[in-house]
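Below is one structure, written out as structure tokens, with a few remarks after it.
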Amino acid sequence: MLTLYDYLDSGNGYKVRLLLSQLGLHYRYVDVDIMKGETRTNAFLARNPNGRIPTLEVPDGDYLAESDAILWYLADGTDFVPAGRFARAQVLQWMFFEQYSHEPYVATPRYIVRHLPADSERRAELPRRLAQGREAFKVMESHLTRRPFFVESHYTIADIALYAYTHVAEEGGHDLGPYPALRAWLKRVAGQPRYVGLHDRPPRF
Ligand SMILES: N[C@@H](CCC(=O)N[C@@H](CS)C(=O)NCC(=O)O)C(=O)O
């Protein structure tokens with residue numbers, strides 16, 4: 001049995017929940033309240049010394065952290081990862097892009113706006129982060145103008161990795177209006193079989 005340690009409002013966790021649903025895999029869901037410091041308890045740090053969800057416990061009892069590594073572990077050998085060497089590297093290319101050039105500028109503003117007090121000093125970060133996020137959206141828009149999905153014209157874990165925080169980007173102050181190809185891609189992802197939403201309660205919650 002797979003066990004996912006996660007927090008329902010986390011886009012990083014949602015990537016894994018979406019893929020688990022689309023693969024039709026059963027799993028145990030353990031809610032870890034990041035706002036109450038539950039990722040920093042000794043019990044949790046023994047599972048992931050980096051103190052972050054999502055963390056996946058695999059059937060032999062080992063733990064895997066980092067959302068995109070978990071996506072790869074679950075999807076490798078399925079249609080969600082291409083077979084060709086170059087296309088596999090392209091999937092990694094987009095997942096690294098997501099972690100370095102997208103997530104800090106799309107997920108973090110949403111975290112600041114949704115989870116921190118209105119007078120938080122971190123609000124001062126928002127203009128710079130939103131500007132960087134717009135740069136990431138321009139890269140995505142340009143790519144998606146010419147193709148329906150990020151790699152090989154079909155849906156892969158590169159789409160899942162980028163979808164998770166893009167589809168709720170406006171909750172952090174972004175405006176997706178200027179990116180029509182990106183918005184059309186969001187609809188294509190939401191139309192995939194066995195799609196689940198960010199806040200849909202996982203089975204065995
Ligand atoms: N690069 C990591 C980021 C994970 C991450 O930042 N998780 C956040 C929630 S989205 C977390 O666990 N925060 C709680 C904490 O830092 O204690 C991934 O992609 O999984």
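Using Cα pairs closer than 8 Å and at least 6 residues apart in sequence, work out the relative contact order for the stretch 115-205, in percent. If you can, show how the numbers build up before the last one.
Numbers: 42 pairs, mean separation 25.3, N = 91.
Reported as a whole number, the value is 28 percent.
Rounded to the nearest 500, what is the chain's calculated 222 nm mean residue ellipticity when only DSSP H runs of at least 4 contribute -39500 (n - 2.57) each, over all residues?
Result for the chain: -14000 deg cm²/dmol, rounded to the nearest 500.
In terms of Cα to Cα distance under 20 Å, which lysines are near enough to Lys138, apart from those fewer than 8 places away along the same chain?
Filter leaves Lys187.
Can you sort Ile112, Ile157, Ile70 by how many other beta carbons sit within 10 Å, fewest first?
Least crowded to most crowded, the residues run Ile112, Ile70, Ile157.
Hey, how many Å between the Cα centroid of the stretch 154-196 and the Cα centroid of the stretch 28-95?
Using only Cα atoms, the two centres lie 20 Å from each other.
Determine, for each peptide in 29-35, 93-99, 188-194, the mean count of other beta carbons within 10 angstrom over its residues, then list the peptides with the highest first.
Averaged packing, sorted descending, gives the order 93-99, 29-35, 188-194.
At a threshold of 8 angstrom on Cα-Cα distance, excluding pairs fewer than six apart, so keeping six or more, what relative contact order does the chain reach in percent?
28 percent
Give, rounded to the nearest 20 debye, the magnitude of the charge dipole that the chain has about its Cα centre when Lys and Arg contribute +1 at Cβ and Asp and Glu contribute -1 at Cβ.
380 debye
I'd like to verify something in the chain: which complete DSSP H helices, judged by Cα projection on the helix axis, reach 24 Å or more and average at least 0.5 on the Kyte-Doolittle scale? Don't skip to the end; give the middle numbers.
Working: long enough: 126-144 (26 Å, -0.53).
Helices meeting the criterion: none.
Please compute the contact order of the stretch 52-91 in relative form: average sequence separation of alpha-carbon pairs under 8 Å and at least six residues apart, divided by the residue count, as a percent. List each step's numbers first, then the result.
Numbers: 25 pairs, mean separation 9.2, N = 40.
It rounds to 23 percent for the stretch 52-91.
Over the chain, what number does the Rg to Rh ratio reach, with both radii from the alpha-carbon atoms and Rh per Kirkwood?
Result: Rg/Rh = 0.95.
Of the peptides 170-183, 6-19, how do they stack up when ordered by the mean number of other Cβ atoms within 10 Å, highest first? Walk me through the intermediate numbers first.
Numbers: 170-183: 15.5, 6-19: 22.6.
Answer by packing, highest mean first, reads 6-19, 170-183.
Using only the alpha carbons of the stretch 1-76, determine the length spanned along each of the three principal axes and report them from longest to shortest in whole angstroms.
Principal axes ranked by extent give 31, 27, 19 Å for the Cα atoms.
Bear in mind these aren't lab numbers, they're just calculated from the coordinates by the rules spelled out. It should be emphasised that the depicted structure is a prediction, and the values quoted were computed from it without experimental measurement. Positions of Cβ are backbone-derived with ideal geometry, glycine not excepted, and every protein chain shown enters the neighbour counts.
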